[in-house]
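To start, the structure itself, in structure tokens.
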Amino acid sequence: MNKTHVIEHLKFALEAQLNSAKQAAKAAHDAATHEESVAETQYDTLGLEAAYLAQGQAERVNECYKSIKQFEAIFKEPTHNKVIISSLVRLEDENTAQKWFYLGPAAGGLTVEVKGIIIQVVTPEAPLGKQLLGKQLDDEISLTIAGKNHEYEVVEIL
């Protein structure tokens, strides 16, 4: 796995998230300021609801900008022998099934596909991220998901 390719895919995915958020914010703003959103009675809340939606979408755009800045700060981090924020990690379960994760500062849950392999961003606040931080090759991780215990081994850190 080439970490540089993963980083490029992450950059594109973060930019796509930002563009999507911008479009949603513009649509929400347009709806909130449209003449049909003006209240006709004291019980007409369409305009108020549209304004709240516009505000939420604007906050989403700001979060996207923050995520991009946070990722830019770590993309050039060198590879370490321990998992740190910016590490690309391959885990293997007891059936030798492999999963790839990028430990990022934000945008948890974001996924990218590189050469047919899915890489998911996980943050240090997530249960998996907490366990990954500081791990080394051959360390084990145990997670309980939906009441079922899953065991993984760290087999690669980039």
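Brief remarks follow.
- Taken residue by residue, the range 76-89 has at least one member that is free of Cβ contacts under 8 Å to residues at least 60 places away in the same chain and hydroxyl-bearing (Ser, Thr, Tyr).
- Listing of strands (runs of 3 or more DSSP E) fully contained in the range 108-158 that carry 1 or more residues being out of contact with any strand residue (DSSP E or B) (no Cβ under 9 Å at 6 or more places or on another chain) and either small (Gly, Ala, Ser) or exposed (fewer than 13 other Cβ atoms within 10 Å of the Cβ) (or both): 140-145, 148-157
Conditions tested, residue by residue: (1) over 16 Å from residue 22 (Cα atoms); (2) at pLDDT 90 or above; (3) assigned by TED's automatic domain parsing to the domain that holds residue 135.
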position	(1), (2), (3)
38	yes, no, no
42	yes, no, no
56	no, yes, no
59	no, yes, no
70	yes, yes, no
98	yes, yes, yes
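- Matching residues, the range 1-48, being among the β-branched types (Val, Ile, Thr) and in contact with a strand residue (DSSP E or B) (Cβ under 6 Å, 6 or more places away or on another chain): 6
- Pair list, Cβ under 6 Å, 6 or more apart: the range 125-153 residue within 14 Å of residue 84 (Cβ to Cβ), other residue part of a helix (DSSP H, G or I): none
- Residue within the range 73-84 that is part of a helix (DSSP H, G or I), of a type in the set (S, T, N, Q) and closer than 27 Å to residue 156 by Cβ present: no
The values are calculated or read from the model by the stated rules, or taken from the named source; none is laboratory data. None of these values were measured; they are calculated from a predicted model. Virtual Cβ from ideal backbone geometry, glycine too; neighbours counted across all protein chains shown.
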